[in-house]
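To start, I am sharing the structure in question, which I have written as structure tokens.
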Amino acid sequence: MSAIRVLVVEDSDVYRESLLFLLRRDERLDVVAAVPDGASALRASAEHDPDVVVLDYRLPDLDGFEVATRMRELRPEVAIVFLSASAGEAEYDAAERSGAALVRKDDGIGAVVDAIVTAAGRADT
């Protein structure tokens, strides 16, 4: 089975680089790109054709849900895993309604990886 192609969208340089380091250690994942904002995410999604987009809920230029909506207009099959530092019940509900997962940043890398694998439909790997 091929690796899950992952696009990381995170505006914090430190958190983005940490995610890259940790995600690249998992042989099930292939991080195809990492970008700091919504506009770059839309370009990278079109260019790299990811299976899963790990998307910061709050970005400096576009709302994460807006980015996800635009991506899915072009590629309905793309799975979204939102990241949030301060998600509450409303954010979890909104993510669920949009068909996306939401992981709090302080849940740890294991929760992020689990959400990616589940979102890709490979929970059995």
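The values are calculated or read from the model by the stated rules, or taken from the named source; none is laboratory data. Since the model is a prediction, treat every value here as computed from it, not as a measurement. Positions of Cβ are backbone-derived with ideal geometry, glycine not excepted, and every protein chain shown enters the neighbour counts.
Within segment 69-77, is even one residue closer than 12 Å to V8 by Cα and touching a Leu at 6+ places or on another chain (Cβ under 7 Å)? If you could, list the steps in order and put the result at the bottom.
As a first pass, look at segment 69-77 and keep what is closer than 12 Å to V8 by Cα: none.
Looking for residues that are closer than 12 Å to V8 by Cα and touching a Leu at 6+ places or on another chain (Cβ under 7 Å), one finds none in segment 69-77, hence no.
Ok, one more. Looking at the structure I just gave you, is R58 at pLDDT 95 or above and either more than 20 Å from A3 (Cβ to Cβ) or in contact with a helix residue (DSSP H, G or I) (Cβ under 9 Å, 6 or more places away or on another chain) (or both)?
Working: at pLDDT 95 or above: no; either more than 20 Å from A3 (Cβ to Cβ) or in contact with a helix residue (DSSP H, G or I) (Cβ under 9 Å, 6 or more places away or on another chain) (or both): yes.
Answer is no for this residue.
For every residue, the table says whether it meets (1) under 22 Å from S2 (Cβ atoms); (2) of a type in the set (A, V, I, L, M, F, W, C); (3) buried (at least 16 other Cβ atoms within 10 Å of the Cβ); (4) free of Cβ contacts under 8 Å to residues at least 60 places away in the same chain.
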{"position": "Y15", "(1), (2), (3), (4)": "no, no, no, no"}
{"position": "D37", "(1), (2), (3), (4)": "no, no, yes, yes"}
{"position": "P76", "(1), (2), (3), (4)": "yes, no, no, yes"}
{"position": "V81", "(1), (2), (3), (4)": "yes, yes, yes, yes"}
{"position": "S86", "(1), (2), (3), (4)": "no, no, no, yes"}
{"position": "Y92", "(1), (2), (3), (4)": "no, no, no, yes"}
{"position": "R97", "(1), (2), (3), (4)": "no, no, no, yes"}
{"position": "V103", "(1), (2), (3), (4)": "no, yes, yes, yes"}
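With the condition kept exactly as written, say whether any residue in segment 39-51 is among the basic types (K, R) and part of a strand (DSSP E or B). Spell out how you get there, then give the answer.
Filtering segment 39-51 down to residues among the basic types (K, R) leaves 43.
Next, from what is left, pick out any that are part of a strand (DSSP E or B): none.
No, there is no match, as no residue in segment 39-51 is among the basic types (K, R) and part of a strand (DSSP E or B).
Taking into account only those residues within segment 67-88 that are in a helix (DSSP H, G or I) and in contact with a helix residue (DSSP H, G or I) (Cβ under 7 Å, 6 or more places away or on another chain), which is farthest from D106 (Cα to Cα)?
Within segment 67-88, the subset in a helix (DSSP H, G or I) is 67-74.
When the remaining residues are screened for being in contact with a helix residue (DSSP H, G or I) (Cβ under 7 Å, 6 or more places away or on another chain), the result is 67, 70-71, 74.
Working: V67: 23, R70: 27, M71: 26, L74: 31 Å.
Checking each candidate, the answer is L74.
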